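The values are calculated or read from the model by the stated rules, or taken from the named source; none is laboratory data. Treat the numbers as computed from the prediction; the structure is a model and nothing was measured. In this analysis, Cβ positions are derived from the backbone assuming ideal geometry, glycine residues included, and neighbour counts consider all displayed protein chains.
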Amino acid sequence: MTHVLQEVKKKVKTGMAVSKPLLHENSEMFSCPICSETFKSPKILPCLHTFCEPCIHEFILSIGRKKDNKISEFACPICRTVVIPLNPGESIDKWTSKLQDNATIATMIALSTGDKTQECHACKRSNEKSDATFWCKICEEALCEKCNQMHSRMKLSYTHAVVNIEEYSQSTNGIDLNGISKQCYMHPPKEREIFCLRHRETCCVLCLSTHHQECSSLKSVEDVLREENNYEAIQDTLEKVKSATIKLLKEKEHHKSTFISNTETVEEEAATFKEKIKCNIDNLIELFKKQLHILAMNRTLT
């Protein structure tokens, strides 16, 4: 999915529209790994894997049923990264609703199907329904008029960059350029600045003291992204080396075939030359025998 988001980001930066074929060509990237259908209310885990809300909900419940609902965490169905819910003591039936929405994927799917309307995410959490008219770039959430007013008054969000959702949709096709929210879902509004290699997940500085105390393989997200770019450069170089090697092998095979062909030709020519020499020698011997016979007869007559 990463390469699709990167492609979207490139198109947006250059002012190009995100076309529907881009989404349709990569439809498998927008399919839930559990049900293999297009995401429904996509939820993203800390390891960055996304699932339908009903699918991951049923997955969590199935784990709970096996252990008489005595669980305080669950593992990602894909990479087995351990996920600790916001409130482990809460009923597991409520865990899924507290998982972070993947607003970006939801918006991309909506755009690909031609659905330009967007529900207010804040109202949705309160089981209410209203059309969004604003988009917060920091929270990565769609807001209605009423929720935007509250959002602009809150101490934690009054400085957030909020734009008109229609203007935002026209300029960027409604897709956030960050691809996935930077905020830590366990400690908002802290940003996920650290990547744990052991658990293969991003986290904030507060997560270090609560869930990653024994983890030693930690890197900044910035360093990981830089290494990813270096990896892509190395991959590009390896592809060039591979192409050059294949070319050399083909040339070697061609030279080998040519050599074998030339060898066979030389052998045939040598055999022909040998036959000619043998034939000439045989003729000379026959001629010598005849002359010798004539000479012997002449001596007998005299």
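At-a-glance table
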quantity: Matching residues, the range 79-103, being among the β-branched types (V, I, T) and more than 18 Å from H199 (Cβ to Cβ); calculated: I92, T96
quantity: Selection status of C76, under 20 Å from R192 (Cβ atoms) and modelled with pLDDT of 85 or more; calculated: yes
quantity: Some residue of the range 17-31 being modelled with pLDDT under 90, in contact with a strand residue (DSSP E or B) (Cβ under 7 Å, 6 or more places away or on another chain) and not in a loop (DSSP other than H, G, I, E, B); calculated: yes
quantity: Criterion (of a type in the set (A, V, I, L, M), surrounded by 14 or more Cβ atoms within 10 Å (Cβ to Cβ) and assigned to a helix (DSSP H, G or I)) met by exactly one of I60, I71; calculated: I60
quantity: Qualifying residue in the range 166-177 (condition: closer than 25 Å to S97 by Cα and at pLDDT 85 or above); calculated: no
quantity: Number of the exception - A270 against (1) small (G, A, S); (2) surrounded by 10 or more Cβ atoms within 10 Å (Cβ to Cβ); (3) under 53 Å from the mean Cα position of the chain (by Cα); calculated: (3)
quantity: Qualifying residue in the range 222-229 (condition: modelled with pLDDT of 85 or more and either within 53 Å of the chain's Cα centre (by Cα) or loosely packed, with under 10 Cβ neighbours inside 10 Å (or both)); calculated: no
quantity: Some residue of the range 87-100 being surrounded by fewer than 20 Cβ atoms within 10 Å (Cβ to Cβ), at pLDDT 85 or above and in contact with a strand residue (DSSP E or B) (Cβ under 6 Å, 6 or more places away or on another chain); calculated: no
quantity: Condition check for P77: part of a loop (DSSP other than H, G, I, E, B) and under 17 Å from C32 (Cβ atoms); calculated: yes
quantity: Residues of the range 195-214 classified as without any contact (Cβ under 8 Å) to a residue 60 or more places away in the chain, more than 21 Å from the chain's Cα centre (by Cα) and either closer than 19 Å to C76 by Cβ or surrounded by 12 or more Cβ atoms within 10 Å (Cβ to Cβ) (or both), total; calculated: 7
quantity: Tally of residues being exposed (fewer than 13 other Cβ atoms within 10 Å of the Cβ) and either part of a loop (DSSP other than H, G, I, E, B) or modelled with pLDDT of 90 or more (or both) across the range 117-165; calculated: 14
